[in-house]
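Student: This is the structure I have questions about; it appears just below.
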Amino acid sequence: MAPGVRLFGLIAAMLALQDIWDSLVDDCTKGIPAGTGLPLCDIGGQGWRLLAGDTPLPAAVLRQSAIEHNVDWMRRFTGLTGMVLCPHGKTSMSPQLFDRQLEAGAWGMTAATVSHLHVYRRFGVQRILLANQLVDPAGIRFVLSELTRDPGFDFYCLVDSVATVAMLHDAAAKSGCPRPIQLLVEIGQAGGRTGARSVQQAIEVARAVHAAAPHLALRGVEGFEGVLEAAEPAETLARIEKMLGDMAAVAVGCDAEGLFADGPVIVSAGGSQYYDLPPSLARRLGMSRETLLVLRSGCYITHDSSWFSEYAKAIAQRMPAVGELGEGLRPAIEVWAYVQSLPEPGLAIVTMGKRDASFDVHLPTPLKWHRDNMAAPAALAGHQVLKLNDQHAYVALPDDSPLAVGDRICFGIAHPCTTFDRWPVMMVVDDDYRVVDAIRTFF
């Protein structure tokens with residue numbers, strides 16, 4: 001990318017982000033105090049304190065120190081492993097967080113849908129990996145128009161069939177776009193999601209892409225291991241090992257036939273669950289040309305308090321070298337709510353529900369509690385969320401529970417993606433729970 005093009009892209013991104021900072025936030029937005037009407041950029045200057053009752057609860061907040069720690073930790077992890085990071089933006093769909101990730105050295109941003117592409121481009125993301133098949137005619141037209149309009153736009157997407165290759169070739173040839181759509185052949189497994197089901201099928205797709213030049217360009221090979229989980233961890237690892245082996249075989253085969261277009265060969269795998277495994281691909285490839293290993297983890301930026309935390313422990317066991325990086329990822333998302341009723345012994349009803357926190361993997365985890373006369377929150381052991389309604393949580397209490405009506409409870413979450421999408425604005429807090437910033441999300 002030419003320096004002038006890169007500078008133009010940076011200026012456009014800054015101007016677009018300024019639109020977010022200037023956007024009005026008022027008390028029709030969940031979690032915002034009554035009577036508020038101000039630009040998003042002014043929220044951090046209001047002196048609001050979450051634990052002083054200045055903001056309504058429930059509120060999902062991001063802990064600033066944890067975000068900064070996680071961004072730096074992943075930067076050091078990719079340096080340790082020799083990968084580059086292309087974070088999956090679907091986790092937060094927050095251009096402000098995208099900007100923080102790119103500022104820390106991310107190679108680009110990963111997207112999943114055409115709608116994601118619209119948001120990314122609106123806010124100036126210049127390199128996008130669409131980790132999906134591009135078959136939507138409107139989406140294909142959008143990509144081709146962006147490639148034509150902006151010479152600095154670096155776009156990649158996946159392909160797993162000759163039929164999709166033909167569709168993309170036909171659209172690109174008719175569009176007059178001066179640059180090719182860059183494609184990665186996706187490797188799948190029987191019973192999995194998308195992706196070619198065999199090495200031979202994948203190479204046939206790669207040959208079709210190569211034959212479709214100059215409108216299409218084969219740039220690499222991709223796989224996603226997160227959909228290969230089995231009942232037993234050993235079987236899961238065996239499935240992932242097979243996928244990685246197939247990816248290596250396809251990459252080597254395509255290299256031998258000269259199917260890849262100019263530039264480094266991109267080999268991409270690794271979500272937020274098994275991001276320690278893709279580096280092993282480097283030992284298998286033996287390519288004749290430069291190879292770029294691209295990691296697509298998205299949830300690392302906030303981590304969580306249960307699901308991904310367990311995966312992180314397994315990663316540390318499989319890859320002891322991560323110990324060199326010091327403390328691992330920290331949970332950065334918390335959802336705070338009030339105890340509103342103690343209707344019977346052993347049960348609290350809390351002002352948080354399905355509209356406020358993820359529940360698709362695990363129910364939220366009570367972590368700590370706070371009362372107005374306490375200097376700081378205290379740990380909350382032995383409490384468990386039994387179920388959620390839309391706006392209520394049922395929390396089982398131990399016999400020695402300290403909770404009273406009006407107390408605040410902090411919940412940790414699992415699966416950040418499905419907590420972010422419940423909050424159009426999320427406040428950012430320091431370690432004393434003073435509101436210091438806010439982000440917007442675009443789901």
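Student: Extending each Cα 7 Å along its Cβ direction at Ser65 and Asp432, get the distance between those two points in nm, one decimal.
Tutor: Placing both labels 7 Å along Cα→Cβ, they lie 1.2 nm apart.
Student: Starting from the 7 Å offset along Cα-to-Cβ, what nm value, one decimal, do you get for the label separation of Leu347 and Asp19?
Tutor: The modelled label-to-label distance comes out at 4.9 nm.
Student: Taking a probe of 1.4 Å, how large is the accessible area per residue of the stretch 283-427, in Å²?
Tutor: With all protein chains present, the stretch 283-427 gives 44 Å² per residue.
Student: Only Cα pairs within less than 10 Å get springs; with that Gaussian network setup on the chain, which residue of Gly326, Gly382, Gly353 has the largest fluctuation?
Tutor: Gly326
Student: Follow-up. Tell me, what % of the accessible area of the stretch 314-387 is carbon and sulfur with a 1.4 angstrom probe?
Tutor: Numbers: 1970 of 3720 Å².
Here it works out to 53 percent.
Student: Let me know the whole percent of all Cα-Cα pairs from the stretch 297-443 that are separated by more than 26 Å. Please list the in-between numbers first.
Tutor: Values: 3185 of 10731 pairs.
Percent of Cα pairs beyond 26 Å in the stretch 297-443: 30.
Student: A follow-up question, please. What does a probe at Thr418 reach in the stretch 379-393, counting residues whose amide N is under 19 Å from the point 7 Å along Cα→Cβ?
Tutor: 385-393
Student: Looking only at His215, His362, His69, which one moves most when the chain is put into a Gaussian network model with springs between Cα atoms under 10 Å?
Tutor: In the Gaussian network model the winner is His362.
Student: List the aspartates and glutamates whose Cα lies under 12 Å from the Cα of Lys242, skipping any in the same chain that are fewer than 8 positions away.
Tutor: Qualifying aspartates and glutamates at Cα under 12 Å: Glu225.
Student: Work out, step by step, the length gained on full extension between Gln200 and Phe142: first 0.36 nm times the residue separation, then minus their alpha carbon distance; give nm to one decimal. Don't skip to the answer; put the middle values down first.
Tutor: On the way: separation 58, 0.36 × 58 = 20.88 nm, distance 3.16 nm.
Going from the current span to full extension adds 17.7 nm.
Student: Restricting things to alpha carbons, tell me how big the stretch 364-410 is in terms of Rg and Dmax, in Å.
Tutor: When restricted to Cα atoms, the stretch 364-410 yields Rg and Dmax of 10.8, 32 Å.
Student: Looking at the chain, what % of its DSSP beta bridges pair antiparallel, to the nearest 5?
Tutor: If I count the DSSP bridges inside the chain, around 50 percent turn out antiparallel.
Student: What does the extension gain come out to for Lys30 and Glu324, with contour length at 0.36 nm per residue minus their alpha carbon separation?
Tutor: Gain in length upon complete extension: 101.7 nm.
Student: Taking 0.36 nm per intervening residue step and subtracting the Cα-Cα distance, what contour gain separates Ala112 from Arg76 on full extension?
Tutor: So the extension gain works out to 10.4 nm.
Student: Rounded if a/c is under 1.5, else prolate if a/b beats b/c, else oblate: with a ≥ b ≥ c from the C-alpha gyration tensor eigenvalues square-rooted, which is the stretch 85-242?
Tutor: oblate
Student: Turning to a different aspect of this structure: Please give the FRET efficiency for Ala52 paired with Ala234, using the beta carbon to beta carbon distance and R0 = 41 Å, rounded to the nearest 0.05.
Tutor: So, using R0 = 41 Å, E works out to roughly 0.25.
Student: Shifting gears a bit: Quickly work out the Arg284-to-Cys41 label distance, labels modelled 7 Å from Cα along the C-beta direction, and quote it in nm with one decimal.
Tutor: With each label point 7 Å from Cα toward Cβ, the separation is 4.9 nm.
Student: When the helix-only estimate is applied to the chain (DSSP H runs of n ≥ 4, each -39,500 (n - 2.57), divided by the residue count), what is the mean residue ellipticity at 222 nm, nearest 500 deg cm²/dmol?
Tutor: -10000 deg cm²/dmol
Student: Once the dipole of the stretch 288-438 is set up with Lys and Arg at +1 and Asp and Glu at -1 on Cβ about the Cα centre, which of Ile413, Ala375, Gln340 lies farthest towards its positive end?
Tutor: Ile413
The values are calculated or read from the model by the stated rules, or taken from the named source; none is laboratory data. Predicted model only: the values in this text are computed from it and were never measured. Please note: Cβ atoms are built from the backbone with ideal geometry, for glycine as well, and neighbour counts cover all protein chains shown. Just so you know, the surface numbers come from the protein's heavy atoms only, side chains and all, with ligands and any DNA or RNA stripped out. Shrake-Rupley method; radii C 1.70, N 1.55, O 1.52, S 1.80 Å.
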